[in-house]
Amino acid sequence: MPRKLTASLSSAVETLGTGGGTQVAGARKGRATRKPAAEAEAIQTAKKAPSPAQQAMLKLGLRRDIDLALHLPLRYEDETRITLLKNAREGDTVQIEATVTQCEVQLRPRRMLKVTVDDGSAACVLTFFSFYPSQQKTMAVGARLRIRGEVKGGFWGRQMMHPSFRVAGGELPTALTPVYPATASLPQAYLRRAIVTALQRADLSETLPPGEQPPVAQFYSQNGLQPFYDLSNALTFLHHPTPDVALTTLEDHSHPAWQRLKAEELLAQQLSQYEAKRERARLRAPVLKPLPGSADLTQQFLDQLPFGLTGAQQCVVGEICADMARQIPMHRLLQGDVGSGKTVVAALAAVACIEAGWQCALMAPTEILAEQHFGKLVGWLEPILAPLGKKVAWLAGAQKKKERAEMLSLVESGEAALVVGTHAVIQEQVQFKNLALAVIDEQHRFGVAQRLALRQKLAATGMEPHLLMMSATPIPRTLAMSYYADLDVSTIDELPPGRTPIVTKLISDSRKDEVIARIGAQVASGRQVYWVCPLIEESEALDLSNATATHENLSEMLPGVMVGLLHSRMPTAEKKAVMELFSAGIMGVLVSTTVIEVGVDVPNASLMVIEHSERFGLSQLHQLRGRVGRGAAASACVLLYSVNDNGRLSETGKERLRAMAETNDGFEIARRDLEIRGPGEFLGARQSGAPMLRFADLEQDVLLLDWARELAPRMLEQHPTLATRHVSRWLGGKAEYLKA
Ligand code: ADP
Ligand code: MG
């Protein structure tokens, strides 16, 4: 704190050019007086090795003048007025001008400099625990100083700890002094000057089309309440606001200048996404329509399916097939709560693709899940593929060389109409004959790079495959409208019939024994149970020892029940064997680390116990819970929690568990998860490296978002040059990421 203040005192005056005094009292003096303009140029041409401050700026993404201009203050300090000491209340941060009446170094209780100053209204003692001889000199008795710091009113009278100070004199700044997000190696004073220079040099010319003002600015200008803000005015104001502004409107970003910036930011985001969508529309994909005279594979598939599709499933299948029948690559997200039946929808999309004479790939994030899909899809598809001489192939990392080679040749020859697997599916060696549809299950577990790799698989033909992404974590509406504006979304909003809702119970782990007794009863009545061990993020080894211990414990306490163990370090064959025993209903209890998190489908399992549930994320808990309640039996989810040493749960832990107990609705869970974690974490892999919104808040700025969404497509049509300039101003090179 005191360091910052020392640096900041010098600034407002010099940055605004209104004052004469630029004396920085302190050790930074030498460094801080170099010319930022010259430095910025040095960065751009990169001829010299960048200084620590330049490096720090680059790290913050402050590369271009416009980046600096858009680097906005966190808060402000008011150095525009001098306060009389007698008027300063305890805790106020004030600026005073006073004369030194005493200056001495004390050695007890520790070495410190005590300086008494008096401004005629009262006296104040300044205390410094670290100081330079030069500072001591500046504060010699009789010196007149301008001092800024927080007033404490102790027993010995007024005090300030490590205030910033300099020789009095020079005019007072007319604007508030900005305090920027910075780092230790980037002094505020340096950053302030760099920003002033950048503000002057940056091209801030209008990019909004004539007459297209964001809603709040319209309101203000129409009512003559505030001056109209264009970007240049808004930035100048936000960097150096006049002291009469209501600070709360700057802090909560409701000020029209902030509104203007947030609107522009949202517009840039929307433009880049619409642009990505338009670029995709220029790409070509195979048109997937049934070949004339082909056997009706879809009907055959539906005929042998043991259940009928729900209305929601039929509806999304329709949307997907309509997309695939176009020559533009599909880019669609299929979202549906856990257990809503996404797999069969994926299978139908695959059938449509195969029917048209093309190949389909389905990729899942874990081997267990991929394996399950494979088993299920083979069961559904082989009967109708066999007569056509086609197969379902399997590709995974832990595959025997020979089997892998066989699979690869099936894929290359086209005999494999469908390829199911893990990341192995997108490896370079995998050559498809004619891949036309890629399905990614649990898409949030995959990154941009993997989606790009999939899209490359058809590159030789100059086309791209259709892409269907599936997720059980629905995207809250606000995110869908902003970050996913370029994505088409299909939603399964209905569970298959006959499901009984899952009852969720929060139980303290001191009552673990009761829970185990209940497990015994469940198994005795022919049901099966999952027991998920705590997530120990720091250590996979601990995760494992924990699961092993629990496994032993449960085996002991449940004589006569087969208790299995599943964890990520197990050899694939062993995992497979365990899953088979559980799926077949032979194994009563499955103890596992979080490997079963996604997708596992064993309808007979009706109890899910999650140990240390307070450590899991909300979406993860919901996914785990979704492993039960898949059959007709009443199912339950027990969230065992343990309190910390103070007998408490963390606030977020509590919030998550409460949400779990209160709702089974995946959309509601997703909304709360977003609330708890914020968009950055929520979006996870998809946005790795992509620019997040810095200023706008999706909940608060819905009006601005609506405005941007409405304007973006029109602007791309009618004012493409402005649109390009706008996006590059706001996103620079980062816009590329959004296209994956
Ligand atoms: P998720 O959407 O979580 O991936 P799954 O595709 O695994 O869900 O489906 C969950 C279970 O529901 C599976 O056993 C599946 O066979 C079954 N199922 C899917 N659709 C229906 C339906 N329309 N009627 C009955 N059961 C269905
Ligand atoms: Mg699934």
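The values are calculated or read from the model by the stated rules, or taken from the named source; none is laboratory data. Quick caveat: nothing in here was measured; it's all calculated off a predicted structure. As a convention, Cβ positions derive from the backbone with ideal geometry for all residues, glycine included, and neighbour counts pool all protein chains shown.
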- request: Please specify each residue of the stretch 52-97 satisfying the condition of being hydroxyl-bearing (S, T, Y) and touching a strand residue (DSSP E or B) at 6+ places or on another chain (Cβ under 7 Å).
  value: Y76, T83, T93
- request: Please tell me if M363 is at pLDDT 95 or above and surrounded by 22 or more Cβ atoms within 10 Å (Cβ to Cβ).
  value: no
- request: Quickly run through the stretch 181-206 and pick out the residues that are within 13 Å of L235 (Cβ to Cβ) and in contact (Cβ under 8 Å) with a residue 40 or more places away in the chain.
  value: I195, V196, A198, L199, R201, A202, D203, L204
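Results for (1) outside any loop (DSSP other than H, G, I, E, B); (2) within 16 Å of ligand 2 (Cβ to nearest atom); (3) touching a helix residue (DSSP H, G or I) at 6+ places or on another chain (Cβ under 6 Å); (4) outside the structural domain of A605 (by TED's automatic domain parsing), shown as yes or no for each residue.
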site	(1), (2), (3), (4)
S490	yes, yes, yes, yes
P497	no, no, no, yes
S510	yes, no, no, no
D513	yes, no, no, no
Where a residue in the stretch 415-443 is free of Cβ contacts under 8 Å to residues at least 40 places away in the same chain and part of a loop (DSSP other than H, G, I, E, B) and its partner, wherever it lies, is more than 16 Å from ligand 1 (Cβ to nearest atom) and aliphatic (A, V, I, L, M), with Cβ under 7 Å and at least six apart: Q429/L408; V430/L395; V430/L408; V430/V411; Q431/V411
field: Any pair with Cβ under 8 angstrom, 6 or more apart, that starts in the stretch 362-373 at a residue that is closer than 16 Å to R569 by Cα and ends at one that is within 11 Å of ligand 2 (Cβ to nearest atom) and at pLDDT 80 or above
entry: P365/D441; L369/D441
All positions within the stretch 585-607 that are at pLDDT 85 or above and away from ligand 2 (no atom under 16 Å from the Cβ): G585, I586, M587, G588, V589, L590, V591, S592, N604, S606, L607
statement: Those residues of the stretch 283-337 that are assigned to a loop (DSSP other than H, G, I, E, B), closer than 20 Å to L458 by Cβ and within 16 Å of ligand 2 (Cβ to nearest atom) come to a total of 0
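Restricting attention to the stretch 280-293, does a residue exist that is closer than 24 Å to D697 by Cβ, surrounded by 14 or more Cβ atoms within 10 Å (Cβ to Cβ), modelled with pLDDT under 90 and not basic (K, R)?
Residues of the stretch 280-293 closer than 24 Å to D697 by Cβ: none.
No: the stretch 280-293 contains no residue that is closer than 24 Å to D697 by Cβ, surrounded by 14 or more Cβ atoms within 10 Å (Cβ to Cβ), modelled with pLDDT under 90 and not basic (K, R).
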message: Quick check on my filter: what residues within the stretch 631-640 are part of a loop (DSSP other than H, G, I, E, B) and at pLDDT 85 or above?
response: A634, S635
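Answer yes or no as to whether K376 is surrounded by fewer than 23 Cβ atoms within 10 Å (Cβ to Cβ) and either within 16 Å of ligand 1 (Cβ to nearest atom) or under 18 Å from A453 (Cα atoms) (or both). Steps first, answer last, please.
Numbers: surrounded by fewer than 23 Cβ atoms within 10 Å (Cβ to Cβ): yes; either within 16 Å of ligand 1 (Cβ to nearest atom) or under 18 Å from A453 (Cα atoms) (or both): yes.
So K376 passes the test.
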- prompt: Among (1) under 24 Å from S508 (Cβ atoms); (2) more than 15 Å from ligand 2 (Cβ to nearest atom); (3) among the small types (G, A, S), where does A633 come up short?
  reply: (1)
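Just checking, does the stretch 391-407 include any residue being in a helix (DSSP H, G or I) and under 30 Å from D296 (Cβ atoms)?
Step one: filter the stretch 391-407 for residues in a helix (DSSP H, G or I), giving 401-407.
Filter once more, so that each one left must be under 30 Å from D296 (Cβ atoms): 407.
Yes, that holds for at least one residue.
Sort out which residues of the stretch 338-369 are within 16 Å of ligand 1 (Cβ to nearest atom), among the aliphatic types (A, V, I, L, M) and either part of a helix (DSSP H, G or I) or more than 26 Å from the chain's Cα centre (by Cα) (or both), and write them in order of number.
Residues of the stretch 338-369 that are within 16 Å of ligand 1 (Cβ to nearest atom), as a first pass: 338-351, 362-366, 368-369.
Those left that are additionally among the aliphatic types (A, V, I, L, M): 338, 344-351, 362-364, 368-369.
Answer for the stretch 338-369, where residues must be within 16 Å of ligand 1 (Cβ to nearest atom), among the aliphatic types (A, V, I, L, M) and either part of a helix (DSSP H, G or I) or more than 26 Å from the chain's Cα centre (by Cα) (or both): V344, V345, A346, A347, L348, A349, A350, V351, I368, L369.
Could you tell me whether C321 is over 28 Å from L624 (Cα atoms), in contact (Cβ under 8 Å) with a residue 40 or more places away in the chain and away from ligand 1 (no atom under 16 Å from the Cβ)? Working first, answer last.
On the way: over 28 Å from L624 (Cα atoms): yes; in contact (Cβ under 8 Å) with a residue 40 or more places away in the chain: no; away from ligand 1 (no atom under 16 Å from the Cβ): yes.
Judged against the criteria, C321 is not a match.
Just need a number here: residues in the stretch 562-574 that are under 19 Å from N604 (Cα atoms) and part of a helix (DSSP H, G or I).
Step one: list which residues in the stretch 562-574 are under 19 Å from N604 (Cα atoms), which gives 562-566.
After this cut, where a residue has to be part of a helix (DSSP H, G or I) as well, the list is none.
Residues meeting the conditions: 0.
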Pairs where the first residue, in the stretch 134-154, is under 18 Å from V105 (Cα atoms) and among the hydroxyl-bearing types (S, T, Y) and the second is part of a loop (DSSP other than H, G, I, E, B) and at pLDDT below 90, C-beta under 9 Å, 6+ apart: S134/A25; S134/G26; S134/A27; T138/Q23; T138/A25
message: Kindly evaluate E412 against the criterion of being part of a helix (DSSP H, G or I) and not β-branched (V, I, T).
response: yes
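Quick check on this structure: which one of V411, V420, V439 is surrounded by 22 or more Cβ atoms within 10 Å (Cβ to Cβ), within 16 Å of ligand 1 (Cβ to nearest atom) and over 13 Å from L334 (Cβ atoms)?
Working: V411 fails: within 16 Å of ligand 1 (Cβ to nearest atom); V439 fails: over 13 Å from L334 (Cβ atoms).
Just one listed residue meets the conditions, V420.
Just to check your reading of the model, which residue among V628, V643 is within 16 Å of ligand 1 (Cβ to nearest atom) and either at pLDDT below 90 or in contact with a Cys (Cβ under 7 Å, 6 or more places away or on another chain) (or both)? Don't jump to the end; show me each part of the working.
Details: V643 fails: within 16 Å of ligand 1 (Cβ to nearest atom).
Result: V628 is the single residue among V628, V643 that is within 16 Å of ligand 1 (Cβ to nearest atom) and either at pLDDT below 90 or in contact with a Cys (Cβ under 7 Å, 6 or more places away or on another chain) (or both).
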query: Taking the stretch 124-135, which residues are surrounded by 13 or more Cβ atoms within 10 Å (Cβ to Cβ) and in contact with a strand residue (DSSP E or B) (Cβ under 6 Å, 6 or more places away or on another chain)?
result: C124, V125, L126, T127, F128, F131
- prompt: In the stretch 473-492, which residues are at pLDDT 80 or above and within 12 Å of ligand 1 (Cβ to nearest atom)?
  reply: T491, I492
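Give S413, S471, S409, S482 a once-over and let me know the one that is touching a strand residue (DSSP E or B) at 6+ places or on another chain (Cβ under 6 Å) and not charged (D, E, K, R). Lay out the reasoning, then the answer.
Details: S413 fails: touching a strand residue (DSSP E or B) at 6+ places or on another chain (Cβ under 6 Å); S409 fails: touching a strand residue (DSSP E or B) at 6+ places or on another chain (Cβ under 6 Å); S482 fails: touching a strand residue (DSSP E or B) at 6+ places or on another chain (Cβ under 6 Å).
One residue alone meets the criteria, S471.
Can you tell me which of R677, R672 is within 19 Å of P474 (Cα to Cα), modelled with pLDDT of 85 or more and not in a loop (DSSP other than H, G, I, E, B)? Spell out the reasoning first.
Details: R677 fails: modelled with pLDDT of 85 or more.
Result of the check over R677, R672: R672.
Would you be able to say whether some residue in the stretch 301-313 is farther than 30 Å from S568 by Cα and acidic (D, E)?
Start the filter on the stretch 301-313 by keeping residues that are farther than 30 Å from S568 by Cα, which leaves 301-313.
With acidic (D, E) added as a condition, the list becomes 303.
Within the stretch 301-313, one or more residues are farther than 30 Å from S568 by Cα and acidic (D, E).
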- request: Please give the number of the condition G357 fails out of (1) surrounded by fewer than 21 Cβ atoms within 10 Å (Cβ to Cβ); (2) within 17 Å of A417 (Cα to Cα); (3) touching a helix residue (DSSP H, G or I) at 6+ places or on another chain (Cβ under 7 Å).
  value: (3)
